[in-house]
Amino acid sequence: MTMDSNATSSIVRLNIGGYEFLTTVDTLTHREPQSMLAAMFSGRHTVYKDPEKGYVFVDRDGMHFRHILNWLRDGVAPISNLSDLECSELLQEAEYYQLLGLVDRINEVLNKKKKDEQMDTDLTRADIIKYCIKRSRNFCLRGVNLSGLDLSKMNLMSFNLSHACLKNVILSGAYLEGANLEGANLEGANLKGASLRQANLKGANLKGAKLQGADIRDVRHLEDAELDGANLVGAIR
């Protein structure tokens, strides 16, 4: 069986950071016509191919590109099944390729996740403020769910937050010196400019956490924390 010349010419071979994909011009240009991919394969621009295999190389991380292709093909992507870190990575790629529909969909899912997490929290910011006023040192909030809360600029010095759920919590500028965060889930947390001096991070999950400008001098067990995708630019060590 042979393919006609029009069908053959519409096939596109892509090499995205070492991951190889086979798709069509129609897939790349139809659903998101204002995207960078649509512009690349609109016929208005010269696209350079590998002379041996005919692949078009794009210097991006190809790990999530299959989700991008599925979005372009069917208008669906399994965003709800992805971790927060994976969603963040996919969002970064969607923004790069200027896939505005996919960007809106990812943000919609992330916002819903954040609202759901806030509804499930054990305490509110007001509750934490009351504890801060009344507490003695080493106040214990072990294992509580505070995910998604805005705890920015709060004084949580020496708090026991071991094994607490602090996913996507906002702790920018917070004072966490000497806090016990052993085993805490801080995935996606915003810790920009926070003071974590002498805090215990043994076994803490800091995947995708934002630690720009944070003071992490004398942090205990930092080497035992999960830091995949964490941003430590400008952190004080």
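What follows is calculated from the coordinates using simple rules that are stated; it is not laboratory data. Every value quoted in this text rests on a predicted model; they were computed, and no experiment measured them. Here Cβ is always computed from backbone atoms with ideal geometry, including for glycine, and neighbour counts include all displayed protein chains.
Quick notes on this one:
- A convex hull fitted to the Cα coordinates of the range 94-208 yields 100 cubic angstrom per residue.
- Taking amide H atoms as placed 1.01 Å from N in the peptide plane, the amide H of Phe57 lies under 5 Å from those of Asn15, Asp50, each 5 or more residues away in sequence or on another chain.
- Residues His30, His67 arranged by fewest to most Cβ contacts within 10 Å: His30, His67
- Calculated FRET value between Ser42 and Asp74, using beta carbons and R₀ = 22 Å, to 0.05: 0.55
- Only helices enter this figure: runs of n ≥ 4 DSSP H residues, each worth -39500 (n - 2.57), summed and divided by the residues of the chain, yield -8500 deg cm²/dmol at 222 nm to the nearest 500.
- The spread of Cα positions in the range 5-117, taken along each principal axis and listed from longest to shortest, comes to 52, 25, 20 Å.
- DSSP beta bridge pairing in the chain, given as percent antiparallel to the nearest 5: 25
- In the range 5-117, taking the dipole from charged Cβ atoms about the Cα centre, the farthest positive-side position among Gly17, His30, Met63 is held by His30.
- Cα extents for the chain along the principal axes, largest to smallest and rounded to whole angstrom: 78, 35, 29.
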